[in-house]
Amino acid sequence: QEAHAAEMERTFIAIKPDGVQRGLISEIVSRFERKGYKLVAIKLIVPSKEFAQKHYHDLKERPFFNGLCDFLSSGPVLAMVWEGEGVIKYGRKLIGATDPQKSEPGTIRGDFAVVVGRNIIHGSDGPETAKDEIALWFEPKELVSYTSNAEKWIY
Ligand code: RTP
């Protein structure tokens with residue numbers, strides 16, 4: 001079980017400025033916690049526009065890129081790293097489809113968002129982006145490895 005813990009998958013999750021301003025931090029953190037995922041890093045930061053452009057570099061050709069980067073850098077963002085089996089893919093499932101008009105009720109975006117430009121949360125879309133995004137937002141020493149007592153009941 002110790003070896004198992006060392007290999008556990010991690011993903012980068014961020015509550016965007018709209019989610020923070022709307023008071024949805026505890027609601028969102030709670031959904032990941034209750035599922036059984038483990039929080040290994042968390043901080044509240046206002047990213048610069050340059051930083052937002054780095055985060056969204058894959059989207060730089062898209063017409064909404066500039067507005068999206070202005071939005072992400074407009075206020076505090078809650079940056080987190082969550083750990084657990086299948087957390088990258090299942091985290092996206094908890095979040096729901098990118099466009100809140102298409103996300104199912106019961107998902108974070110389905111329950112709390114209405115338009116794609118204000119969809120309150122970001123989650124890494126695969127193992128490579130998870131690795132890159134964690135490295136962009138956090139220093140290695142900010143990632144806390146620990147064994148939670150609940151783990152033996154989850155795995
Ligand atoms: P995210 O990266 O934020 O989790 O979102 P995603 O993978 O589900 O969606 P992606 O296509 O990577 O888009 C990133 C963010 O860009 C904003 N967006 N705006 N048509 C638009 O105005 C538009 N399309 C996408 C959304 O905030 C989306 O989360």
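Per-residue answers, yes or no, for (1) surrounded by fewer than 16 Cβ atoms within 10 Å (Cβ to Cβ); (2) touching a residue at least 40 places away in the same chain (Cβ under 8 Å):
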| position | (1), (2) |
| --- | --- |
| 41 | no, yes |
| 52 | no, no |
| 59 | yes, no |
| 70 | yes, no |
| 75 | yes, yes |
| 82 | no, yes |
| 90 | no, yes |
| 102 | yes, no |
| 107 | no, no |
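The residue that is nearest to the ligand (Cβ to nearest atom), among those in the range 36-68 that are in contact with a Gly (Cβ under 8 Å, 6 or more places away or on another chain) and assigned to a helix (DSSP H, G or I), is 68. Flag: residue 92 matches the condition of being within 10 Å of the ligand (Cβ to nearest atom) and either among the small types (Gly, Ala, Ser) or part of a helix (DSSP H, G or I) (or both). Pairs meeting the criteria (first residue in the range 115-143 and over 19 Å from residue 19 (Cα atoms), second residue modelled with pLDDT under 95 and buried (at least 21 other Cβ atoms within 10 Å of the Cβ), beta carbons under 9 Å, at least 6 apart or on different chains) are lacking. In the set 86, 110, only one residue is touching a Gly at 6+ places or on another chain (Cβ under 9 Å), small (Gly, Ala, Ser) and over 15 Å from residue 20 (Cα atoms); that residue is 110. Restricting attention to the range 95-117 and to residues that are aliphatic (A, V, I, L, M) and more than 10 Å from the ligand (Cβ to nearest atom), the residue that is nearest to the chain's Cα centre (by Cα) turns out to be 108.
Yes/no per residue for (1) of a type in the set (Ser, Thr, Tyr); (2) over 13 Å from residue 123 (Cα atoms):
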{"residue": "18", "(1), (2)": "no, yes"}
{"residue": "24", "(1), (2)": "no, yes"}
{"residue": "37", "(1), (2)": "yes, yes"}
{"residue": "51", "(1), (2)": "no, yes"}
{"residue": "65", "(1), (2)": "no, yes"}
{"residue": "72", "(1), (2)": "no, yes"}
{"residue": "75", "(1), (2)": "no, yes"}
{"residue": "87", "(1), (2)": "no, no"}
{"residue": "100", "(1), (2)": "no, yes"}
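The values are calculated or read from the model by the stated rules, or taken from the named source; none is laboratory data. Owing to the predicted nature of the structure, the values given are computational and were not obtained by experimental measurement. Reconstructed Cβ throughout: ideal geometry from the backbone, glycine too, with neighbour counts over all protein chains shown.
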